[in-house]
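Step one of this worksheet: look at the structure below.
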């Protein structure tokens with residue numbers, strides 16, 4: 001279980017698995033890491049974050065955080081400052097990667113279960 005202060009905000013942002021700049025293949029490295037190994041998950045996020053940022057996913061996350069800040073979403077202004085200062089190392093960027101990796105894993109599990117029916 002994550003103790004990320006921006007996990008709740010990451011869940012609210014309008015950014016998803018098909019957002020510009022997100023590499024689903026890269027995200028699988030996080031999605032299929034052992035869910036119980038928090039350290040391994042954080043390491044995998046660190047390994048892919050810079051590449052995702054450079055591929056343009058940073059712009060997608062920035063736009064979503066800016067929109068949330070304009071809408072007055074709790075914590076969004078703090079997240080935006082962190083994102084501007086720390087880019088791919090920011091807590092919100094990593095929280096979004098984490099949230100989407102969980103979504104990808106759950107989608108894969110549902111698809112697999114459906115294929116068995």
With a/c under 1.5 counting as rounded, go ahead and sort the stretch 50-117 into rounded, prolate or oblate using the C-alpha gyration tensor (a ≥ b ≥ c being the square roots of the eigenvalues; past the cut-off, prolate if a/b is larger than b/c, else oblate).
prolate
Heads up, the stretch 13-82 by the C-alpha gyration tensor (a ≥ b ≥ c square roots of eigenvalues; a/c under 1.5 rounded, else a/b over b/c prolate, else oblate) looks prolate
Per-residue Cβ contact counts at 10 Å, fewest first, order 88, 29, 6 as 29, 88, 6
In degrees from 0 to 90, rounded to the nearest 10, what is the angle of the helix 38-52 Cα long axis to the longest principal axis of the chain?
70 degrees
What number, rounded to the nearest 500 deg cm²/dmol, is the helix-based mean residue ellipticity at 222 nm of the chain, given -39500 (n - 2.57) per DSSP H run of at least four residues and division by all its residues?
-21000 deg cm²/dmol
Specify the angular offset, from 0 to 90 degrees and rounded to the nearest 10, of the alpha carbon long axis of helix 58-70 from the longest principal axis of the alpha carbons in the chain.
60 degrees
I'd like the distance separating the alpha-carbon centroids of the stretch 79-117 and the stretch 27-63, in whole Å.
7 Å
Its Cα gyration tensor gives the chain an equivalent ellipsoid whose semi-axes in whole Å, largest first, are 24, 15, 14
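Going by C-beta contacts inside 10 Å, put 60, 111, 46 in order with the fewest on the left.
Ordered from fewest to most neighbouring Cβ atoms within 10 Å, 60, 111, 46 come out as 111, 46, 60.
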Which part of the stretch 1-40 falls in the paramagnetic zone of residue 109, meaning amide N under 15 Å from the point 7 Å along Cα-to-beta-carbon?
1-2, 31-37
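Every number in this text was worked out from the coordinates using simple rules, so none of it is lab data. Here the structure is a predicted model, which is why all the values come from computation and not from measurement. Cβ sites come from the backbone with ideal geometry, for glycine too, and all protein chains shown count toward neighbours.
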